[in-house]
1. Report whether or not Leu254 is crowded, with 16+ Cβ neighbours inside 10 Å and without any contact (Cβ under 8 Å) to a residue 60 or more places away in the chain.
2. Regarding Val308, is this residue in a strand (DSSP E or B), among the β-branched types (Val, Ile, Thr) and at pLDDT 85 or above?
3. Counting only residues that are within 19 Å of the chain's Cα centre (by Cα) and more than 19 Å from Thr125 (Cβ to Cβ), which one in segment 72-112 is surrounded by the most Cβ atoms within 10 Å (Cβ to Cβ)?
4. Among the listed residues Gln271, Gln289, identify the single one that is over 21 Å from the mean Cα position of the chain (by Cα) and part of a helix (DSSP H, G or I).
5. So which residues in segment 410-445 are surrounded by 20 or more Cβ atoms within 10 Å (Cβ to Cβ) and part of a helix (DSSP H, G or I), if there are any at all?
6. Report yes if some residue within segment 258-266 is touching a residue at least 24 places away in the same chain (Cβ under 8 Å), in a helix (DSSP H, G or I) and in contact with a Phe, Trp or Tyr (Cβ under 7 Å, 6 or more places away or on another chain); otherwise report no.
7. Given the conditions (1) closer than 24 Å to Leu38 by Cβ; (2) in contact (Cβ under 8 Å) with a residue 12 or more places away in the chain; (3) out of contact with any strand residue (DSSP E or B) (no Cβ under 7 Å at 6 or more places or on another chain); (4) not in a loop (DSSP other than H, G, I, E, B), and given that Glu112 satisfies all but one, which numbered condition is not satisfied?
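The values are calculated or read from the model by the stated rules, or taken from the named source; none is laboratory data. Everything numeric in this text was worked out from a predicted model, so none of it was measured. Here the Cβ positions follow ideal geometry from the backbone for every residue, glycine too, while neighbour counts run over all protein chains shown.
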Amino acid sequence: MRSKVESYMKENGLIEHGDTVVVGVSGGADSMALLALLVDIQKDFALKVVAAHLNHQLRPGDCDRDEALVENYCRKNRIPFENKRVNIKERANESNQSVELTGRAQRYDFYEEVCRKWKGSKIATAHHEDDQIETIMMRIIKGTGVKGLMGISNKRDRRIIRPLLACRKSEIVDYCEKNEIPYREDHTNYETEFLRNKIRLNIIPEIEKINPSFGEELLHLSEIAGEYEAFVQEQVQGVLQEIKGKEKIAFESLRKEKPIVRKMVLLSKLQESYGNLLISYSVFAKINQLLEQEGNTTWSLDIGEGIVLQRVYDFVKWSKREEKVRTKYFEYEWIEGKEQVFPRIGWFIRTDVEENTKTIKSFAKSNEKYLDYDKIIRIEEKMIIRQRKPGDRIQLVGRKSHKKAKDYFIDRKIPKEDRDRTPVFIVGETIAFIPHIGVSEKFKVDQNTKRILKIRYKDCRRV
């Protein structure tokens with residue numbers, strides 16, 4: 001098995017001369033075999049091998065015995081050993097995630113910690129071909145695409161490597177027995193409440209009664225899927241090079257592509273943001289349906305794993321789902337000649353009174369607006385900055401009638417989450433100015449204006 005794994009690592013560029021490899025070791029046959037094998041070849045590759053064991057405290061007594069076995073083996077063979085104890089059930093309850101997902105996240109976080117401590121260049125985990133078969137089966141059952149059929153990659157993020165993906169479980173156990181490598185059995189591997197165990201213990205044996213070579217055929221399918229994926233990715237790269245945004249894509253640039261290209265582009269961008277994310281066929285079908293809709297300029301879709309895909313007018317965006325909290329009502333005094341910063345709504349505002357000149361309007365910037373100050377003070381009422389209210393209306397400069405502020409927000413394609421934060425400038429009972437919308441006809445600067453009120457403003461959250 002040593003020569004097989006060594007060749008596999010060389011062919012796939014998993015190990016480089018002089019690497020420091022952190023090996024995730026649970027105490028089971030797979031990880032103990034991987035640790036022993038890497039120690040066996042470390043002189044040939046000038047490797048530094050470090051064992052990392054996470055005691056997840058899920059099996060009282062057994063977990064401590066697992067830890068002791070790994071620690072004793074490392075001490076006997078002079079292998080650097082790092083361990084950590086984490087109550088996975090408690091962490092799972094705190095994060096509202098499954099025990100499996102929490103355990104996986106905690107393990108990889110710990111491996112990264114050890115990597116930083118030892119200046120490691122690789123993290124090796126003991127996934128093997130049987131794990132690959134089970135993973136592909138799980139994805140088929142849950143619903144997946146071609147990329148999901150590829151299964152577990154032998155290398156991820158240039159750091160995580162899986163050298164035993166060249167071996168079957170039976171080979172690994174034989175290697176341990178022949179080389180007298182100690183290991184422990186995890187009895188939870190035989191509990192069918194977990195889907196992976198149910199597939200391994202119940203479903204695959206039944207399928208193998210029909211086709212004894214089922215496992216090998218599924219591995220071949222994984223290879224074919226990988227070849228197909230590589231070809232499609234080449235076609236998609238041209239589209240991706242035109243996309244500059246990290247968390248958004250122009251709606252029309254996505255819509256014009258064929259469904260398979262849309263899918264691959266979106267998946268690539270989502271994985272860029274959130275790692276090895278998988279999305280089911282049914283979710284992509286819904287996305288395509290939304291992209292084809294006419295006239296619907298805003299929509300939102302939960303695509304799983306806490307991620308929301310949205311169309312916001314001209315863009316498709318994605319973000320982690322957060323509890324939406326409506327901006328509480330705000331009302332501030334409008335103070336002349338002073339910079340006002342409002343952290344709660346994310347706006348900066350400054351108003352100054354200046355003498356009017358014929359050229360002053362020609363120098364106006366995009367974040368500046370001018371109002372007739374004399375018209376404002378003639379009203380002799382309080383000036384405030386407040387949140388929009390239902391029914392707010394404004395007659396813009398040059399318009400003959402009033403129109404709802406809400407309709408202007410929609411026309412200007414201002415996202416819903418930004419509308420409640422946008423300050424509305426009020427003189428008495430009249431709306432004088434709304435950023436993104438414009439100035440009221442009542443307070444416009446004209447040829448008779450002697451003094452102007454210059455308003456400078458900035459929405460700091462939209463920069």
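1. Details: crowded, with 16+ Cβ neighbours inside 10 Å: yes; without any contact (Cβ under 8 Å) to a residue 60 or more places away in the chain: no.
Here the answer is no, as Leu254 does not meet what is asked.
2. When the stated conditions are applied, Val308 passes them.
3. Taking the candidates together, the pick is Gln97.
4. So the residue among Gln271, Gln289 that is over 21 Å from the mean Cα position of the chain (by Cα) and part of a helix (DSSP H, G or I) is Gln289.
5. Of everything in segment 410-445, just one residue is surrounded by 20 or more Cβ atoms within 10 Å (Cβ to Cβ) and part of a helix (DSSP H, G or I), namely Phe443.
6. Among the residues of segment 258-266, at least one is touching a residue at least 24 places away in the same chain (Cβ under 8 Å), in a helix (DSSP H, G or I) and in contact with a Phe, Trp or Tyr (Cβ under 7 Å, 6 or more places away or on another chain), which makes the answer yes.
7. (2)
Results for (1) assigned by TED's automatic domain parsing to the domain that holds Gly306; (2) surrounded by 15 or more Cβ atoms within 10 Å (Cβ to Cβ); (3) of a type outside the set (Gly, Ala, Ser); (4) free of Cβ contacts under 8 Å to residues at least 24 places away in the same chain, shown as yes or no for each residue.
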position: Ile15; (1), (2), (3), (4): no, yes, yes, no
position: Leu34; (1), (2), (3), (4): no, yes, yes, no
position: Ala51; (1), (2), (3), (4): no, yes, no, no
position: Pro60; (1), (2), (3), (4): no, no, yes, yes
